[in-house]
1. Inside the stretch A:127-169, can you point out the residues that are under 26 Å from A:ILE51 (Cβ atoms) and among the basic types (Lys, Arg)?
2. Looking at the structure I just gave you, is A:ALA126 at the interface with another protein chain (Cβ under 9 Å from one of its Cβ atoms), outside any loop (DSSP other than H, G, I, E, B) and surrounded by fewer than 17 Cβ atoms within 10 Å (Cβ to Cβ)?
3. Are any residues in the stretch A:62-87 within 13 Å of another protein chain (Cβ to nearest Cβ), in contact (Cβ under 8 Å) with a residue 60 or more places away in the chain and touching a Leu at 6+ places or on another chain (Cβ under 9 Å), and if so, which ones?
4. Within 13 Å of chain B (Cβ to nearest Cβ) and either under 23 Å from A:ILE70 (Cβ atoms) or among the aliphatic types (A, V, I, L, M) (or both): does that describe A:ALA166?
5. With (1) at the interface with chain B (Cβ under 10 Å from one of its Cβ atoms); (2) over 15 Å from the mean Cα position of the chain (by Cα) as the list, and A:GLU160 as the residue in question, which single condition is left unmet?
6. Scan the stretch B:19-31 and tell me whether some residue there is free of Cβ contacts under 8 Å to residues at least 60 places away in the same chain and facing chain A (nearest Cβ under 9 Å).
7. Would you please name the residue that is farthest from B:TRP81 (Cα to Cα), looking only at residues in the stretch B:49-64 that are surrounded by 19 or more Cβ atoms within 10 Å (Cβ to Cβ) and out of contact with any Cys (no Cβ under 7 Å at 6 or more places or on another chain)?
8. Has the stretch A:119-141 got at least one residue that is hydroxyl-bearing (Ser, Thr, Tyr) and under 23 Å from A:LEU82 (Cβ atoms)?
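Every number here is computed from the coordinates shown, using simple stated rules; none is lab data. Keep in mind that this is a model prediction, so the values were computed, not measured. Cβ: placed from backbone, ideal geometry, glycine included. Neighbour counts: every protein chain shown.
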Amino acid sequence: MIEHYSSRRGLLRATGTAALSAVAIGILGDAPALARAAGKEPGGAANAGDIDILNVALGLEHEAIEAYQIGAESGLLQKPVLDLALLFQGQHKGHRDALAGTIGQLGGKAVQPKSRADYMASLNIAAIKTQADILRLAQAHELGAANAYIGVMPSLGGKELAQVCAKIAADEAAHWSLLTSALGEALPQPAFMFG
Amino acid sequence: MRWALETAAAAWLAVAATAMAMAPSGDPARGAKLYAANCGSCHSLDANRVGPAHRGVYGRKAGTARGYAYSPGMRGARIVWNEATLDRFLQNPQAMVPGTRMGFRLTDPARRADVIAYLRQQSR
C-alpha cells in the first residue's frame, strides 16, 4: 500500500490543500441554509443539541490534528508514511474548519484545542516508541472517529447536518483503511465495518 | 386488600423476571473491542478526553468523574449508572439527559449489553 500511495504522492500534495479548502467552503456555505431548513434561529435553544454534538466532533478533530503533529515531530515517521500522516492531518484541519464554521453559523461557540501537555497525557504518548505505534494510535483514532460520526447522525436535528457528518465519516473511514493497509493488517471479512 | 397487594407484587416480580430473562447478557471481552471501536475516540478508562474517564463509571453517580467539566444537564442528572440506566442512556443520551453533550447512540441492544458488561468489569 505504501508504495502504491507513494506513487501518488506528488498528485496528492499538489491537489490536497485546494481540494480541502473547496470541501470546507462547500460545507460552510450550506450552514445558514441548514439552520433555516431546520426551522431554527441561529443561537436558539433548539440548536443547542446540534451545537453540542458538533463541538464534541470538533474536539475529536482537534485531538487528531495534534496527534498527527506529535507523530510528525517525533522523528519516528519515515517517508512516505510521514507524507500520509501530514495529508490526513490536513484533512482533519479541513473538518475542523468546516465544523467550527457551522457551529458559529448555528450561533454556538466552537471549542478550542487543549494544550499539547493535555494531549500527551490523555493519548499516553510516552508509550509510543516506533512508527508502528504511531500508526496504531492513528488507526484507533480514525476507527473511533468514523464510528462516532455515524453514531451521532440519528441525534442531529436535520438530514443536512447528518450528511455533513457522513462526509467526514467517509474521510475517517478512508484514513482507517489506508492505515490498516500500511500496518499490513487485513481488512475485516464481515460487512458493515463501521457503525 | 392483602390479596390485592400480594397479587400486584407477584405480577411485578413476573414482569421483572421476564424483562431480565429477555435482556441480552453482555460479554465483557466483546465489549472491550466494541468499546475501543465505538467509544474510544472520545473516552478512555483512565483519562478525561473529549468525554470523561470511564473506570469506575458503573455504580457511580452521573456527572461526578473527577476533573471532567460536565454539561449542566449531566451535572444535574439524578442518575446512578447501572445496567438499566446505561442501557437507556446509550440508546439515546439526549432524550434521557437533556443538555448532555453526548449525541452518540449505540442502537444494537446486544452491543450495548456487551459494552455495559465491559464497563462493569472495569469498574470492579
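1. Of the residues in the stretch A:127-169, the ones under 26 Å from A:ILE51 (Cβ atoms) are A:141-169.
Within the stretch A:127-169, A:LYS159, A:LYS167 meet the criteria.
2. Here the answer is no, as A:ALA126 does not meet what is asked.
3. Here is the first cut: in the stretch A:62-87, the residues within 13 Å of another protein chain (Cβ to nearest Cβ) are A:62-64, A:66-67.
In the following step, the residues that additionally are in contact (Cβ under 8 Å) with a residue 60 or more places away in the chain were identified as A:63-64, A:67.
Selection gives A:GLU63, A:ALA67.
4. Working: within 13 Å of chain B (Cβ to nearest Cβ): no; either under 23 Å from A:ILE70 (Cβ atoms) or among the aliphatic types (A, V, I, L, M) (or both): yes.
So A:ALA166 fails the test.
5. Only one criterion is unmet by A:GLU160, namely (1).
6. No, that holds for no residue.
7. B:PRO52
8. Yes, the stretch A:119-141 has at least one match.
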